[in-house]
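The values are calculated or read from the model by the stated rules, or taken from the named source; none is laboratory data. Here the structure is a predicted model, which is why all the values come from computation and not from measurement. With ideal geometry, Cβ positions are generated from the backbone for all residues, glycine too; neighbour counts draw on all protein chains shown.
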Amino acid sequence: MAEGLDGQGDRAHGLASLAEPPRYPHDLTKECPTEPWYHVAKTVCLPPLRFWFRLSWEHLDRIPRTGPVIIACNHISYLDPLTNGDAVVRAGRRPRFLAKEELFRIPVVGRALRGAGQIPVSRGTRDRSSLDRAITALGRGEAIVVYPEGTVTKREDSLPMEGKTGVVRLAVATGVPIIPMASWGSQAVWQKSGKGSLRFGRPIWTSVGEPIDLPVPPEGEQAPLRELTALVMDAVTLLAVDLRDRYPRRWTK
C-alpha cells in the first residue's frame with residue numbers, strides 16, 4: 001500500500017488492494033506516556049479557549065476511554081484543532097492529530113507540534129510515513145484525530161467537502177473503528193481570509209456520532225475506498241447539519 005495518508009495515488013474507481021489488517025485489541029487499558037510539550041500546549045491553550053468561548057459538547061461518551069480509535073472531524077476553522085482537542089481531552093483521551101506538514105515549518109508552532117508528537121502529513125505526495133506513524137500510534141492504543149477534507153472547507157455554507165481516502169485507508173489497515181465528530185460556530189472566528197470575529201462568549205458546539213465499523217474485504221480483494229470515505233463524510237455531515245439547524249440564530253448574523 002504505497003499511497004500516502006492524504007489519499008494520493010488512488011487507483012481507478014477508488015479501489016485499492018489491502019492486506020489483512022492487524023486487528024488491534026480495542027481493550028488496551030492505557031495509552032503511552034504523553035510528551036512534555038503536550039502538557040505545555042494543554043496548559044497554555046485550553047484555559048483561555050474555555051474562558052473566551054462558550055464550548056458545548058454532546059455524546060462524548062461515544063469516544064471510548066481506552067483502546068485505539070480514529071476520530072474524523074469536519075474542518076470549518078483554523079480554531080478546530082483547539083476545540084476538537086478540548087472535546088477529546090474532556091472525553092478522557094489524549095488526542096494525536098494528523099496535521100499538514102507546512103505547520104511544522106512555522107517557528108515555535110512547529111517545535112510545539114513536533115514536541116507534542118503530532119504527525120505531519122505531506123499533502124499531494126505518495127509519502128506513507130504519516131500512515132505508518134498513525135498505525136504505530138493506534139497499535140499503542142492512542143486516539144488519532146483526522147480532518148478527511150485535508151483543509152478548511154471552501155463551501156459557502158461551511159458544510160464538509162469531499163473527503164480524502166486516507167482516513168478509510170487507516171481504518172481498513174488496522175481494523176480500528178472511525179468515530180465521526182462535527183463542530184459548529186468556529187467558522188466565524190478564524191479563516192484563511194476575511195475578517196474574523198473574537199466576540200466574547202461565542203457558542204462553539206461539538207457533537208460525536210456513533211462508531212463506524214468499516215467492512216474488511218477478504219484477503220486479495222479490494223476495498224472501495226471512495227465509497228467508504230463517502231460513508232464517513234455523510235456521517236460527519238449529518239452531525240454538522242444537526243448542529244447548524246439548532247445553532248442560535250443571533251450568533252449567525
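At a glance:
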read-out	value
Verdict on Ser197 being in a strand (DSSP E or B) and within 17 Å of Ser158 (Cα to Cα)	no
Subset of the stretch 34-66 (residues that are at pLDDT 95 or above, buried (at least 18 other Cβ atoms within 10 Å of the Cβ) and farther than 15 Å from Met181 by Cα)	Phe53
The one condition in (1) buried (at least 21 other Cβ atoms within 10 Å of the Cβ); (2) in contact with a Ser or Thr (Cβ under 6 Å, 6 or more places away or on another chain) that Ile144 fails to fulfil	(2)
The one condition in (1) of a type in the set (A, V, I, L, M, F, W, C); (2) more than 17 Å from Cys73 (Cα to Cα); (3) at pLDDT 95 or above that Val172 fails to fulfil	(3)
Some residue of the stretch 171-190 being among the polar types (S, T, N, Q), surrounded by fewer than 17 Cβ atoms within 10 Å (Cβ to Cβ) and not in a strand (DSSP E or B)	no
Residue under evaluation Leu231, criteria (1) crowded, with 19+ Cβ neighbours inside 10 Å; (2) within 16 Å of the chain's Cα centre (by Cα); (3) more than 17 Å from His75 (Cβ to Cβ), criterion not met	(1)
In the stretch 206-227, the residues that are surrounded by 10 or more Cβ atoms within 10 Å (Cβ to Cβ) and more than 16 Å from the chain's Cα centre (by Cα)	Asp213, Leu214, Val216, Pro217, Glu221, Gln222, Ala223, Pro224, Leu225, Arg226, Glu227
Top-ranked residue of the stretch 194-253 - restricted to ones that are over 23 Å from Lys164 (Cβ atoms) and polar (S, T, N, Q), ranked as modelled with the lowest pLDDT	Thr252
Residue tally, condition among the charged types (D, E, K, R) and surrounded by 21 or more Cβ atoms within 10 Å (Cβ to Cβ), over the stretch 73-92	2
Residue in the stretch 95-112 that is of a type in the set (D, E, K, R), out of contact with any Ser or Thr (no Cβ under 9 Å at 6 or more places or on another chain), modelled with pLDDT under 95 and not in a helix (DSSP H, G or I) present	yes
Enumeration of residues in the stretch 191-205 that are of a type in the set (Phe, Trp, Tyr) and surrounded by 20 or more Cβ atoms within 10 Å (Cβ to Cβ)	Trp205
The one condition in (1) part of a loop (DSSP other than H, G, I, E, B); (2) at pLDDT 95 or above that Met1 fails to fulfil	(2)
Matching option when the condition is touching a strand residue (DSSP E or B) at 6+ places or on another chain (Cβ under 7 Å) and either more than 30 Å from Thr165 (Cα to Cα) or assigned to a helix (DSSP H, G or I) (or both), among Ala87, Ala41, Ala72	Ala87
Selection status of Leu238, buried (at least 19 other Cβ atoms within 10 Å of the Cβ) and part of a helix (DSSP H, G or I)	no
